[in-house]
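One structure below.
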Amino acid sequence: MRLWRPNNYLVANVVLWALTYVIVTARMLADPMPHAGDMAVRRLGMAVFGFVACLGIGKILSLLADQPVWRRIVAAVLMSVIGGFAYSLINYAAFYLIWPMWKVEPLSPISIAYTASMFFWTFISWCALYFAIRYEEELKEKNLRLMASQALAMDAQNRMLRYQINPHFLFNTLNALSSLILAKENERAERVVLSLSSFLRHTLEKELPDKAPLADEIEAQRQYLLIEQARFEDRLNYVETIPHDLRDVLAPSLILQPLVENAVKYGVARSNATVTIEIKAEEADGRLRLTVCDDGGDGAGQTPPKLGLGLENVRRRLDLIYGKAAELTCGPRRPHGFLASVEIPLERA
């Protein structure tokens, strides 16, 4: 059973205007005036107006949540100024126009501005409370996403051991090694053994970090493709385009492995011609784009109807680690082949 939890925004709003009402009323009681009880009731009505106005300000600020910080601050200040003047005008109407209790005073710009300046600070205080509560909620959400991503990273590692490092893969690698040994191509066989050892050492690491330098991720894929080259020989060509200044940027560990696996499975394995698999990294507007593409496949522009769990795993990990800040796109290339691209915020180690 899920426990009821109060809305922090509503609680803060109620407390703010309750304190404002108590402070203003206490100040008036310190210097008794006629009709004190009726004035207290009208001030309560003004507090209700302030509460409703703050609800509206909060709604607008929530709509601006994706805007830069400076725009949200400017919007908060402008709405606080408008709120202060609206409160001042309605306050004048409540005390001097609706069933006035004494002689009506003329509407003075100075008195209106004075009251507006007083309650401007109440509205700006509400905006500060709103930002503080939202920051706390975003921080909690980020921590929850981090814990979930850590669990999913381990799950991704287990998935990799299940459908990448499986008996079929090892059988193919050992079969390729046997062929190389029988053909007395000892140098190539040694390279395959070293690549397999390096790849297994990387993927079986006990504490695989959530994010690792791009150079480590590329090295793991390089070793994997070297092993596959032993199987497919001249049918598999590997190209990497990684600028030197991007080798220290951070990327989720093993995020490219399912994409490379798909390129081998659906591109190289289904083609009789030489297929080139390219891994490319690019920086644009403070974001990192990682692309895995091939020019293989079983026909022009044809792509497998289902890429399996690998692509879905990539999409889930990106969503948990980066939320809406990450993007996964994939689709056919022309005239043939397939392309998968991961775009994430640029972070350096």
Review point. Is it the case that some residue within segment 16-33 is modelled with pLDDT of 85 or more, in a helix (DSSP H, G or I), open to solvent by 50 Å² or more (accessible area, probe 1.4 Å) and in contact with a Phe, Trp or Tyr (Cβ under 7 Å, 6 or more places away or on another chain)?
Key: no
For segment 253-275, pairs from a residue that is among the polar types (S, T, N, Q) to a residue that is in a loop (DSSP other than H, G, I, E, B) and open to solvent by 10 Å² or more (accessible area, probe 1.4 Å), with Cβ under 8 Å and 6 or more apart or across chains, are SER253/LEU208; SER253/PRO209; SER253/ASP210; ASN262/PRO304; ASN262/LEU307; ASN262/GLY308; SER271/GLY297; SER271/ASP298
Does LEU61 satisfy the criteria of being in a helix (DSSP H, G or I) and touching a Lys or Arg at 6+ places or on another chain (Cβ under 9 Å)?
yes
All-but-one check, SER80 against (1) open to solvent by 40 Å² or more (accessible area, probe 1.4 Å); (2) under 25 Å from VAL11 (Cβ atoms); (3) polar (S, T, N, Q), failing number (1)
Those residues of segment 239-250 which are outside any helix (DSSP H, G or I) and open to solvent by less than 40 Å² (accessible area, probe 1.4 Å) amount to ILE242, VAL249, LEU250
Over segment 117-133, the set of residues closer than 12 Å to MET79 by Cα, open to solvent by less than 60 Å² (accessible area, probe 1.4 Å) and without any contact (Cβ under 8 Å) to a residue 60 or more places away in the chain is PHE120, ILE124
GLU283: passes all of (1) among the acidic types (Asp, Glu); (2) assigned to a helix (DSSP H, G or I); (3) touching a strand residue (DSSP E or B) at 6+ places or on another chain (Cβ under 8 Å) but (2)
**Asked** Is there a residue being open to solvent by 30 Å² or more (accessible area, probe 1.4 Å), among the basic types (Lys, Arg), under 28 Å from the mean Cα position of the chain (by Cα) and modelled with pLDDT of 80 or more anywhere in segment 70-77?
**Response** yes
Going through segment 311-320 in order, the residues found to be surrounded by 20 or more Cβ atoms within 10 Å (Cβ to Cβ) and at pLDDT 80 or above are VAL314, ARG317, LEU318
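So that you can scan it fast, the table gives a plain yes or no per residue for (1) farther than 13 Å from CYS127 by Cα; (2) surrounded by 14 or more Cβ atoms within 10 Å (Cβ to Cβ); (3) at pLDDT below 90:
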residue: GLY37; (1), (2), (3): yes, no, yes
residue: VAL41; (1), (2), (3): yes, no, yes
residue: GLY56; (1), (2), (3): no, no, no
residue: LYS59; (1), (2), (3): no, no, no
residue: ALA86; (1), (2), (3): yes, yes, no
In the set VAL239, VAL249, VAL275, the lone residue that is more than 27 Å from PRO213 (Cβ to Cβ) and modelled with pLDDT of 90 or more is VAL275
For segment 251-280 the number of residues that are assigned to a strand (DSSP E or B) and among the β-branched types (Val, Ile, Thr) is 4
Of GLY286, GLY308, GLY301, GLY323, the only residue that is at pLDDT 85 or above and either open to solvent by 70 Å² or more (accessible area, probe 1.4 Å) or not aliphatic (A, V, I, L, M) (or both) is GLY286
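The values are calculated or read from the model by the stated rules, or taken from the named source; none is laboratory data. From a predicted model like this one, the values you see are computed outputs, not experimental measurements. FYI the Cβ positions are ideal-geometry reconstructions off the backbone, even for glycines, and counts take in every protein chain you see. The area values use the complete protein model at the heavy-atom level, side chains included, leaving out ligands, DNA and RNA. Shrake-Rupley method; radii C 1.70, N 1.55, O 1.52, S 1.80 Å.
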